[in-house]
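Throughout, read-outs are computed from the coordinates displayed, never taken from laboratory work. This structure is a prediction, so every number in the text was calculated from the model and none was measured. We place every Cβ from the backbone using ideal geometry, glycine too, and count neighbours over all the protein chains shown.
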Amino acid sequence: MSENNKEKTDMQEAIEAQSEIFFSYVGKRLMEKRVEEYDRIAEENKDVKVPSDVHDKLEQMIAEEKKKAVRAVWTRRMKRAAKICSIAILVTIITSTILITNVDAFREKFQNFLVQIGRQDVDLIPDSGMQERPAGIPADWYGFWYPEYLPEGFSFNQAFDMANFKIILFENDSGDSIEISQFPADGSQIHLNNEVDQKGEVEISGRYTGHWIIEDEQLTLIWLQQNQIIEIITKVELNEAEKIAESLEYFY
């Protein structure tokens with residue numbers, strides 16, 4: 001076995017050993033907390049008298065709910081713990097590596113380790129907390145869509161709230177504008193003037209159906225995307241509005 005392969009094997013074994021210890025501890029603590037909770041409930045209600053048939057039925061229901069609750073909590077906590085565990089192990093291995101190697105060798109090992117983790121152990125998906133918020137967006141905005149693509153010459157102008165609408169405006173030097181509005185879909189309806197001559201539908205990102213009209217030389221493109229209704233109002237061409245729509249990135 002080559003030196004590099006041996007080092008990779010040692011890293012993998014370290015990860016597996018640390019993971020087993022971590023998950024065993026977390027699982028034990030979760031079960032202990034759950035048992036304590038149900039014991040407390042039982043103690044508080046020990047003097048309550050119920051008919052025997054109702055008592056038996058309740059015991060059966062409680063037993064079933066205990067199993068469901070423990071499974072649900074275990075699954076949710078394990079998903080969260082997996083990320084924490086991976087980071088903790090990464091820090092431990094990096095620290096140990098620094099102590100036994102020079103800078104260049106460490107850099108190579110670190111990069112190889114990230115590749116190994118990415119391929120075998122963890123989905124390395126960029127975390128929303130690492131996103132760089134677009135300039136000019138209000139600090140209290142959370143959960144909004146922002147375009148990565150704009151037609152040439154357009155740049156950010158302003159962003160503001162109007163009722164439950166989030167509105168972002170872009171302009172060019174000629175005074176042309178692109179307005180992107182977004183608002184919750186719950187209880188809302190899409191309204192377009194169907195009496196205009198120019199209207200139709202387009203497919204956005206292969207997943208959403210956009211409805212568009214052109215009225216007084218102004219294009220309105222509107223569609224439902226996940227739980228938001230998004231509307232683009234502009235005088236740019238329809239194909240440019242489609243590009244904007246398909247470039248929208250969600251910021252948490």
Alpha-carbon spread of region 144-251, three principal axes, descending order, Å: 35, 34, 28
Which of Lys235, Lys33, Lys243, Lys166 has the fewest Cβ neighbours within 10 Å, and the rest in rising order: Lys33, Lys235, Lys243, Lys166
Evaluated at q = 0.18, 0.32 Å⁻¹: base-10 log I(q)/I(0), Debye formula over Cα of region 169-218: -0.86, -1.14
